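The values are calculated or read from the model by the stated rules, or taken from the named source; none is laboratory data. This structure is a prediction, so every number in the text was calculated from the model and none was measured. All Cβ positions, glycine included, derive from the backbone under ideal geometry; neighbour counts span all protein chains shown.
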Amino acid sequence: MKRAVIIGTGSALPQRVLSNFDLEGMVETSDEWITARTGIKTRHIAGVGEETSQLAAGAARQALAMAELEPDDLDLIVVGTITPDMTMPSCACLVQKELGARRAFAMDVNAACSGFLYALDMADKYICRNPGWKILVIGAETLSSRVDWQDRNTCVLFGDGAGACVVTGAEGSRGYLASRLFADGTLWELLHLEGAPGHNPELRPNVNTDPSIMMYGREVFRHAIRAMADAVSRVLADQGVRPAELSLVIPHQANIRIIRSLAEHLALPLEKVYVNVDKYGNTSAATVPIALDEANRQGMLKTGDLLLLCSFGGGFTWGASLIRW
Ligand code: ACO
């Protein structure tokens, strides 16, 4: 059986960097608080020409170049995002236009911070049926457009960016081995982002007219650790893999304390856990593919290595995937 193999990665970040010290001048906070409670030092904030689709296309071009493919080689584009440029068309359609990937069909996946993991899992399922396909999988967000910049509880946490990979089918032991994906919509209120109220007063009459991201941080924190640890344990057990056999773990980058706690649960040394939350903050669906691209370009991934990805986000949605590089 052929599996989905990652043959190219890429990432793109907005030019503008916003530091904790910059935030000190915007809300009542401090570099000390943000660093101690989250591990974040800086984040990138999108400006003109850096819409979600543009960042996504930038990351995609790098991934295509590494894969030595042209846009017309693509069969499918899937973008994990909760901040598409517009509701319709999808961000994926705009990326298709931007790249000139005329043969590819295109769609978005809305699974918040787990968007990239969900999208990659879909790509693997398409590859199983169509091993010759070339699929572009992207996680891209501009959450800066959806945070309340006067709410210190949330505005210090998020950043913008995009990461991408190209997958195709290959014979052998390499590739996407397994995944465990989950959702629990009963807990949606703990972390949500309302849409525009719309023109039918009968539908969601109390909806906020200026929706910003809403998060009960402490609750989300608790669920995130438990859920990710559970998903990871299950996917490892499914494959009979011990945590010590993992070469690298790329977790969702929301908070260094969550990442450390996860490493402790797995009895993994922190050196095996990729961390860049200090530079970019929480870029939602983009955290995992940006980190994947960085690790790949730094030569941290060798053929045959076991790589674990895991994520947790609004929905709630969460999961873990195991890949042999
Ligand atoms: N600066 C200074 N003080 C602050 C700030 C700030 N930026 N933000 C909150 N505080 C204060 C609070 O008001 C509170 O004060 P009080 O005790 O007087 O009420 C105090 O700091 C502690 O607040 P907590 O919320 O308890 O702080 P906590 O240690 O839980 O850290 C945080 C908050 C960073 C949000 C943490 O809970 C967290 O990371 N949660 C998980 C986030 C996450 O994983 N999200 C993933 C998905 S995101 C997605 O899907 C898009």
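Somewhere in segment 276-289, is a residue touching a Pro at 6+ places or on another chain (Cβ under 6 Å) and surrounded by 18 or more Cβ atoms within 10 Å (Cβ to Cβ)? If you could, list the steps in order and put the result at the bottom.
Going residue by residue through segment 276-289, those that are touching a Pro at 6+ places or on another chain (Cβ under 6 Å) are none.
Scanning segment 276-289, I find no residue that is touching a Pro at 6+ places or on another chain (Cβ under 6 Å) and surrounded by 18 or more Cβ atoms within 10 Å (Cβ to Cβ), so the answer is no.
Where the second residue is among the β-branched types (Val, Ile, Thr) and the first is surrounded by 17 or more Cβ atoms within 10 Å (Cβ to Cβ) and lies in segment 223-244, which pairs have Cβ atoms under 6 Å and are six or more apart or on separate chains?
What qualifies is Ala224/Ile258; Ile225/Ile258.
Please determine, by comparing only the residues of segment 123-145 that are in a loop (DSSP other than H, G, I, E, B) and touching a helix residue (DSSP H, G or I) at 6+ places or on another chain (Cβ under 9 Å), which one is surrounded by the fewest Cβ atoms within 10 Å (Cβ to Cβ).
Looking at the filtered set, the residue picked out is Trp133.
So which residues in segment 46-74 are among the β-branched types (Val, Ile, Thr) and either part of a helix (DSSP H, G or I) or within 16 Å of the ligand (Cβ to nearest atom) (or both)?
If the condition is that a residue be among the β-branched types (Val, Ile, Thr) and either part of a helix (DSSP H, G or I) or within 16 Å of the ligand (Cβ to nearest atom) (or both), then Thr52 is the only one that fits.
Could you please tell me which pairs satisfy a Cβ distance under 7 Å, a separation of 6+ or placement on different chains, a first residue in segment 258-273 that is assigned to a helix (DSSP H, G or I), and a second residue that is aliphatic (A, V, I, L, M) and modelled with pLDDT under 95?
Arg260/Leu270; Ala263/Leu270
Based on what the data block shows, is Ala92 out of contact with any helix residue (DSSP H, G or I) (no Cβ under 7 Å at 6 or more places or on another chain), assigned to a helix (DSSP H, G or I), under 24 Å from Ile225 (Cα atoms) and of a type in the set (Gly, Ala, Ser)?
Criteria not met by Ala92.
Criterion first (small (Gly, Ala, Ser), over 19 Å from Ser144 (Cα atoms), over 18 Å from the mean Cα position of the chain (by Cα) and not assigned by TED's automatic domain parsing to the domain that holds Phe312) does Ala104 satisfy it?
Numbers: small (Gly, Ala, Ser): yes; over 19 Å from Ser144 (Cα atoms): yes; over 18 Å from the mean Cα position of the chain (by Cα): yes; not assigned by TED's automatic domain parsing to the domain that holds Phe312: yes.
Criteria met by Ala104.
Return yes when Tyr118 is in a helix (DSSP H, G or I), crowded, with 24+ Cβ neighbours inside 10 Å and of a type in the set (Ser, Thr, Tyr) and no when it is not. Give the derivation first.
Working: in a helix (DSSP H, G or I): yes; crowded, with 24+ Cβ neighbours inside 10 Å: yes; of a type in the set (Ser, Thr, Tyr): yes.
Considered against the rule, which asks whether it is in a helix (DSSP H, G or I), crowded, with 24+ Cβ neighbours inside 10 Å and of a type in the set (Ser, Thr, Tyr), Tyr118 comes out as yes.
Filter segment 8-28 for residues that are surrounded by fewer than 17 Cβ atoms within 10 Å (Cβ to Cβ) and among the β-branched types (Val, Ile, Thr); which is nearest to the ligand (Cβ to nearest atom)?
Here the residue is Val27.
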